[in-house]
Amino acid sequence: MTDWYEAGQRHVWLPYTQMQTARAPLEVISATGTRLRLADGRELIDGVSSWWSTVHGYRHPHIERAVKRQLETLPHVMLGGLAHEQAYVLARRLAEMLPGDLEHVFFSDSGSVAVEVAMKMAAQYWVNRGRRRMKFLCFRGGYHGDTFATMSVCDPDEGMHSLFKGALLEQLVVDLPRNPEDEAALGRLLERHASDLAGIVIEPLVQGAGGMVFHDPFTLQALRRLADEHDLLLIFDEIFVGLGRLGDAMFACEIAGVDPDIVTLSKALTGGTLPLAATVASKRIYEGFLSDKAQSALMHGPTYMGNALGCAAANASLDLFASEPRLAQARAISEQLLRQLAPAKSLPGVVDVRVRGAIGVIQLDRAAPAEELSAACIAQGIWLRPFRDILYTTPPLVSGEDDVRAIADAMVSAVREWSIRSFS
Ligand SMILES: *Cc1c(COP(=O)(O)O)cnc(C)c1O
């Protein structure tokens, strides 16, 4: 154990962790490409991409150079009243990449805050038009962050957020509409509730932290139709799926052929280098804040919004998406996971094996024995972090065939060992 670890251990409060019983975290001393290097000399392939962020692998030289260069000129400056090149370039590039007229970028420092800003934008858009519509339609299985407003649009019955019931904003929570009958039923519900609603909040195509559940473009197209019919704003939280994870396009909204009114981005935005997030609004939403009245302005402004180092990293990350075949790599990972996770399907206790883009999931018939599965994967040189009833991987998009094979093999064999122990 290193000195810093021993001395700091009792002071660091870890995320989603029962500190009394949790196994001690692994000591990481450096990382390169797809690999984490531990203090004891071991190397692990990061099958999680540090919570879905390190799409280009760790320490990509192009991002590293960009951040170093920025550090030597301007690491940070407040965005209130002052401008800097990296934020302006990044905003223009995001506007160009996103479909439709999603072209007004509000920067923040984390995904949860980006969603808070999206919710505030939607609610105030209506206030500025003289209407009080403060609630949101959201979905079972959804996850949008850990702050109070974002918790309120997460699945209300699942784990960490159920504790705060009553203290949270009250939202309209429904199942995802998956077919025309669902769409019609939701339409009838909206007839009664739409006048209270500011908008609809959804993770497009994949609900991530709620359990890696997939849906079809139909769902998003139906929500666009319902939003238009009932005058609701459609918010796509692309913090997980945006920026290449799904392989077919940079953003889920493009894959679905749906133009949302507001999009949130974070996680992979800086390639896992620095914290940064963006809330991007369409022209109509932005113009709803233009007025002679000061109080019609969007009243939000995180201290570190548009941090110059973060924006430099994000610009370098977008360069890499343009110059290296990330989407093709995501598609190749997808095909490989589909083949190599398939053997898990027949194991007792496995209820589903599914793959969408560079996301591979083995779902069990019960809460996953997280410590046991994680330890079995670590023993095979793979870092994974199971949750709820799933063992999943979201590898860096630069992962080679050997890396992906090693991850898939570790997942299947960890689940096989568990299955044999539990069912024989
Ligand atoms: C991770 C995540 C968030 C929250 O982002 P943080 O940076 O952890 O606050 C919000 N929405 C989705 C879809 C996410 O995956």
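The values are calculated or read from the model by the stated rules, or taken from the named source; none is laboratory data. Here the structure is a predicted model, which means the values were calculated and not measured. Heads up, the Cβs are rebuilt from the backbone with ideal geometry, glycines too, and the neighbour counts pull from every protein chain shown. All accessible areas refer to the heavy atoms of the entire protein, side chains included, with ligands and DNA or RNA removed. Shrake-Rupley method; radii C 1.70, N 1.55, O 1.52, S 1.80 Å.
Which of 66, 278, 122 moves the most in a Gaussian network model of the chain with Cα springs under 10 Å?
66
Let a ≥ b ≥ c be the square roots of the eigenvalues of the Cα gyration tensor of the chain; is it rounded (a/c under 1.5), or, if not, prolate (a/b larger than b/c) or oblate?
Oblate, because a/c is 1.5 or more while a/b does not exceed b/c.
Roughly speaking, to the nearest percent, how much of the range 63-323's 1.4 Å accessible area is carbon and sulfur?
Within the range 63-323, the accessible surface is 53 percent carbon and sulfur.
Looking at the square roots a ≥ b ≥ c of the eigenvalues of the Cα gyration tensor of the range 69-163, which shape do they give, rounded for a/c under 1.5, prolate if a/b is larger than b/c, or oblate?
prolate
Take peptides 179-188, 17-26, 89-98 and line them up by average Cβ neighbours within 10 Å, highest first, as a rough protection proxy.
89-98, 179-188, 17-26
Rounded to the nearest 0.05, what FRET efficiency do residue 423 and residue 371 give with R0 = 22 Å and r taken as the Cβ-Cβ distance? Could you check?
Given R0 = 22 Å and the Cβ-Cβ separation, E is 0.70.
When DSSP assigns beta bridges and you keep just the ones with both residues in the range 63-323, what percent turn out antiparallel, to the nearest 5?
Of those bridges, close to 50 percent are antiparallel.
For the range 63-323, what is the accessible area per residue in Å² when the probe is 1.4 Å?
In whole numbers, the range 63-323 has 41 Å² accessible per residue.
Classify the range 180-290 from the C-alpha gyration tensor, please: rounded if a/c falls under 1.5, else prolate or oblate depending on whether a/b exceeds b/c.
Oblate shape, in that a/c is at least 1.5 and b/c is the bigger or equal ratio.
Over the alpha-carbon set of the range 271-424, work out the extent along each principal axis and list the three values in angstrom, largest first.
Here the Cα extents, ordered largest to smallest, are 73, 35, 26 Å.
For each pair in 120/267; 135/293; 68/267; 120/165; 68/120, compute the distance between the two Cα atoms and list the pairs where it is over 31 Å.
68/120
GNM on the chain, C-alpha springs below 10 Å: top fluctuator among 172, 397, 327?
172
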